[in-house]
Amino acid sequence: MEAPGVAAGVLNVIKPPGMTSHDVVALVRKWAGVRRVGHAGTLDPGAAGVLVVLVGQATRLASYLQEAEKVYRAEMVLGVRTDTQDASGRTLAVADAFEIPWSDVDAALARMIGTIRQRPPMVSAVHHQGRRLYELARQGVEVERPVRTVEIYDLQVHSIWPEDAERATFGARVVFDVTCSAGTYVRTLCDDVGQSLGCGAHLGFLVRLRSGAFGLDQAVTLEELEAAGRHRRLAEYLLPLDAGLGHLPRVSLEGESLHRARHGTAVAWPPADPRPAGLRAGEHVRLYDAGDRFFGIARFTVRDGRPWLAPEMLVG
């Protein structure tokens, strides 16, 4: 049952460390009084930062939002490898007698920019035969995970510790910002860099600074949401359904085309709405009515040389 005033929309939430993404969803469900609540992209329990929470019909947008690029601030600790690739895991190897020029560390990180291949860690939320990998990992079970291709769009070193050291030695730390595609594991990136340097490394901490259009500087805390829920004002924090879809071209429909599209029927691209250059068959667009109200997402297709729109997800 819905709480008064709470309908559907998107919440840009700051997830604190120590909570799972599901924990946050459960709290929002309780405070909002809405059964249908989800999120657009898991954030590890030990990580903090932006978690995009979807309320009501917004849950239908999850697959379109979770593929957006992400920006993280991460700390890489040199000298120790762990079985989880972060500070929470069991130590696998220790290298305590190395001296590596910082320029070599910079170069190793720079080599990660571009298309890289990663094997998802056992502590990830990836499914294997109907179960998540982290569930199997808790039982001490390890399974084969297929390698996946991800994109590192940018990676910039933010700071190093110790600041005055000429070389990186055991326990040295590198804080960096990385912009990457969905599905990238920053803990795996740290592990791979450590192995390439020959000293091993693990992820010290991770903060998601941005998920698609949602930034940390505009995010709301759980404390703020809890207070809003008590006063039945949580709807004030809800963003519109299309808040995170700005990366998709928009198309306005009216008349018979609008009627047909609202009922899920493919329609010809409206002549009055120029088709964006570079839009390829199979890509998505946002659909709006003549009153500028968002009502769904369609897949762009080409039939007999003509552009068409095939509604794929409708709201309202």
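The values are calculated or read from the model by the stated rules, or taken from the named source; none is laboratory data. From a predicted model like this one, the values you see are computed outputs, not experimental measurements. When we count neighbours, we look across all protein chains shown, and the Cβ atoms used for this are built from the backbone with ideal geometry, even at glycine.
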Q.
Condition (residue is within 25 Å of SER181 (Cβ to Cβ), more than 23 Å from the chain's Cα centre (by Cα), modelled with pLDDT of 95 or more and not in a loop (DSSP other than H, G, I, E, B)) applied to segment 52-74: is it met by at least one residue?
A. no
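Take the conditions at pLDDT 95 or above, surrounded by fewer than 20 Cβ atoms within 10 Å (Cβ to Cβ) and hydrophobic (A, V, I, L, M, F, W, C) and apply them to ALA26. Does it pass? First the steps, then the outcome.
Values: at pLDDT 95 or above: yes; surrounded by fewer than 20 Cβ atoms within 10 Å (Cβ to Cβ): yes; hydrophobic (A, V, I, L, M, F, W, C): yes.
So ALA26 fits the description; yes.
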Q | Those residues of segment 265-311 which are part of a loop (DSSP other than H, G, I, E, B) and of a type in the set (Gly, Ala, Ser), in sequence order | A | ALA266, ALA272, ALA277, GLY278, ALA281, GLY282, ALA290, GLY291, GLY305
Q) Restricting segment 2-18 to residues that are aliphatic (A, V, I, L, M) and modelled with pLDDT of 95 or more, which is nearest to VAL186 (Cα to Cα)? A) ILE14
Q | Residue satisfying condition, being modelled with pLDDT under 95, under 31 Å from the mean Cα position of the chain (by Cα), under 23 Å from LEU61 (Cα atoms) and among the β-branched types (Val, Ile, Thr), within set VAL285, VAL315 | A | VAL315
Q.
Give all pairs with beta carbons closer than 9 Å in which a residue from segment 96-122 that is free of Cβ contacts under 8 Å to residues at least 40 places away in the same chain meets a residue that is basic (Lys, Arg) and assigned to a loop (DSSP other than H, G, I, E, B); count only pairs at least 6 apart in sequence or on separate chains.
A. MET122/ARG145
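What's the total number of residues in segment 98-157 that are modelled with pLDDT of 90 or more, part of a strand (DSSP E or B) and within 22 Å of the chain's Cα centre (by Cα)?
Summing the residues that are modelled with pLDDT of 90 or more, part of a strand (DSSP E or B) and within 22 Å of the chain's Cα centre (by Cα) in segment 98-157 gives 14.
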